[in-house]
Amino acid sequence: MISRRKTRSVRVGSVVIGGEALVSVQSMTCTRTDDVKATSAQINRLEKAGCDIVRVAVPDLRAAQAIGEIKKRITIPLVADIHFDYRLALEAVRQGADKIRINPGNIGSGERVKCVLDAAGGKGLPIRIGVNSGSLEKALLKKHGAVTAEALAESALEHVRMARAFGFHDIVVSIKASNVPCTIEANRLFSRSCDCPVHLGVTEAGTVRSGAVRSAIGIGTLLAEGIGDTIRVSLTADPEEEIRAGWEILKSLKLRSRGITLVSCPTCGRLQTKLIPIVNAAEKAFSRQTKALTVAVMGCAVNGPGEAKEADIGVACGRGSALLFRKGKIVKKIAEKDILKTLVKEVEQWQG
Ligand code: SF4
């Protein structure tokens with residue numbers, strides 16, 4: 001059982017980050033934000049996949065001005081991602097964004113940062129202060145000699161101190177680097193000194209496979225230590241993949257449950273069934289399910305019956321046939337050709 005670090009709670013639209021709230025799953029759209037139709041369609045697909053909070057890039061005024069129209073077409077909270085130009089943050093606030101993400105290091109003077117904080121504070125919106133290894137302030141780079149965990153944590157702490165000095169307290173902090181040990185250490189250092197809720201991620205993580213592994217190690221290590229209140233898995237892929245990977249991380253640590261947890265054997269020389277295509281097809285068939293359920297698909301009699309019994313629904317394969325289990329009890333024997341069909345039917349019955 002993971003004991004989570006106590007953080008302040010911050011409300012982002014209908015979702016709370018920090019405090020007692022469950023760890024939320026985030027993603028970012030990859031459409032042009034000023035293409036309202038495409039962006040809101042992608043957000044609605046992300047919501048169906050399990051996205052709690054979505055972020056959109058705001059590179060220019062047209063993107064900022066599109067936020068109001070996008071908000072009318074979606075239901076999950078929307079975060080505006082702003083770099084360099086503080087006026088875009090002001091417009092995003094006007095348009096009804098639920099949170100503003102800025103990197104104070106590239107927004108410019110303290111006065112400009114204060115303008116953004118005042119605008120957000122006036123509407124009760126939180127700010128995410130995002131510190132990124134690629135845009136560390138020059139003074140800190142000089143002081144630490146390189147992008148180190150200490151430098152990243154110091155940058156985040158300094159930004160929080162400045163925001164609080166301006167009377168702004170609804171802050172979420174992220175410290176991201178593409179170097180996983182550096183990300184882990186920087187977040188540990190920061191979390192020892194500050195009670196702001198933390199958004200976890202490994203930046204520029206990579207493709208579906210390598211990025212998900214890197215993120216699972218970076219995000220998973222911190223979550224297992226009780227650090228982290230919201231997560232985003234960054235992948236060079238369709239953002240729905242980010243949501244799937246994020247949920248797998250949370251499910252693995254028993255921090256949240258959703259949809260089908262598929263347990264399947266790695267296969268070995270004892271296998272007498274064509275198991276891999278069955279499992280892949282089952283994973284695809286179950287991808288839209290939302291109710292938490294464990295399904296085990298096992299290859300033979302060695303671990304098969306044991307795992308199949310532990311799951312809500314299980315099959316333990318033999319030669320040309322399999323035993324179907326429901327909550328640990330054998331229900332019937334099924335032919336190999338009917339395994340997938342039977343599993344899909346069983347899951348649908350459970351989902352109601
Ligand atoms: Fe091999 Fe059977 Fe274990 Fe699958 S369940 S890995 S087939 S021993």
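Here are a few things to note about the model shown:
- Each DSSP beta bridge with both residues in the chain is either parallel or antiparallel, and the antiparallel ones are about 30%.
- Secondary structure note: in the stretch 1-129, about 20% of the DSSP beta bridges are antiparallel.
- Amide H partners (placed H, <5 Å) of Ile330, local residues excluded: none
- Estimated dipole of the stretch 260-349 in Debye, rounded to 20 [Cβ of Lys and Arg +1, of Asp and Glu -1, Cα centre]: 220 debye
- Calculated FRET efficiency for the pair Ala165/Val213, C-beta based, R₀ 35 Å, to 0.05: 0.30
- Relative contact order computed over the chain (Cα-Cα under 8 Å; 6+ residues apart), in percent: 13 percent
- Applying the Karplus relation 6.51 cos²θ - 1.76 cosθ + 1.60 with θ = phi - 60° to the stretch 80-93 yields 3J(HN,Hα) values of 9, 9, 10, 10, 6, 10, 5, 5, 5, 5, 5, 5, 4, 4 Hz, where x marks Gly and Pro.
- Set of aspartates and glutamates near Lys327 by C-alpha distance (under 18 Å), chain-local residues within fewer than 8 positions excluded: Glu307, Glu310, Asp312, Glu346, Glu348
- Ranked by the mean number of other Cβ atoms within 10 Å of their residues, highest first, the peptides 88-95, 246-253 fall in the order 88-95, 246-253.
- Here the ratio of the Cα radius of gyration of the stretch 26-181 to 2.2 N^0.38 Å is 1.05.
- Separation in nanometres of the label points that stand 7 Å from Cα toward Cβ, at Asn106 and Ser9: 3.4 nm
- The stretch 260-349: antiparallel DSSP beta bridges as a percent of all, rounded to 5: 55 percent
- Considering helices alone, the calculated mean residue ellipticity of the chain at 222 nm is -13500 deg cm²/dmol, with DSSP H runs of length four and up weighted by -39500 (n - 2.57) and normalised per residue.
- Label-point separation in nm, Ala146 to Lys48, each point 7 Å along Cα→Cβ: 4.7 nm
- In Å, descending, principal axis extents of the Cα set of the chain: 72, 43, 32
- Largest GNM mean-square fluctuation among Pro266, Pro59, Pro77, using the chain with Cα springs under 10 Å: Pro266.
- Between Lys284 and Glu348, residue separation times 0.36 nm minus the direct Cα-Cα distance comes to 21.7 nm.
- Surface exposure of the stretch 9-252, expressed per residue as accessible area with a 1.4 Å probe, stands at 39 Å².
- Diffusion coefficient, µm² s⁻¹, Stokes-Einstein with Kirkwood Rh over alpha-carbon pairs of the stretch 260-349 at 20 °C and 1.002 mPa s: 171 µm²/s
- Converting the Cα gyration tensor eigenvalues of the stretch 41-98 into ellipsoid dimensions via √(5λ) gives semi-axes, longest first, of 21, 11, 9 Å.
- Note: relative contact order over the stretch 125-261, using C-alpha pairs below 8 Å and six or more positions apart, is 20 percent.
- Contour minus Cα-Cα distance for Glu225 and Glu20 (0.36 nm per residue): 72.2 nm
- For the stretch 260-349, the relative contact order is 25 percent, taking Cα pairs closer than 8 Å that sit 6 or more residues apart in sequence and dividing their mean separation by the residue count.
- Phi-derived couplings, Karplus 6.51 cos²θ - 1.76 cosθ + 1.60 at θ = phi - 60°, listed residue by residue for the stretch 330-336: 5, 9, 6, 9, 10, 6, 3 Hz, with x used for Gly and Pro.
- One chain, two ends: Asp60 and Asp35. Fully extended at 0.36 nm per residue, the span grows by 7.7 nm beyond their Cα-Cα distance.
- Simple spin-label estimate for Lys333 and Val263 in nanometres, 7 Å along Cα-Cβ: 2.4 nm
The values are calculated or read from the model by the stated rules, or taken from the named source; none is laboratory data. Since this is a predicted model, take the numbers as computed values, not measurements. Reconstructed Cβ throughout: ideal geometry from the backbone, glycine too, with neighbour counts over all protein chains shown. Heads up: the accessible areas ignore ligands, DNA and RNA and are worked out on the full protein's heavy atoms, side chains in. Shrake-Rupley method; radii C 1.70, N 1.55, O 1.52, S 1.80 Å.
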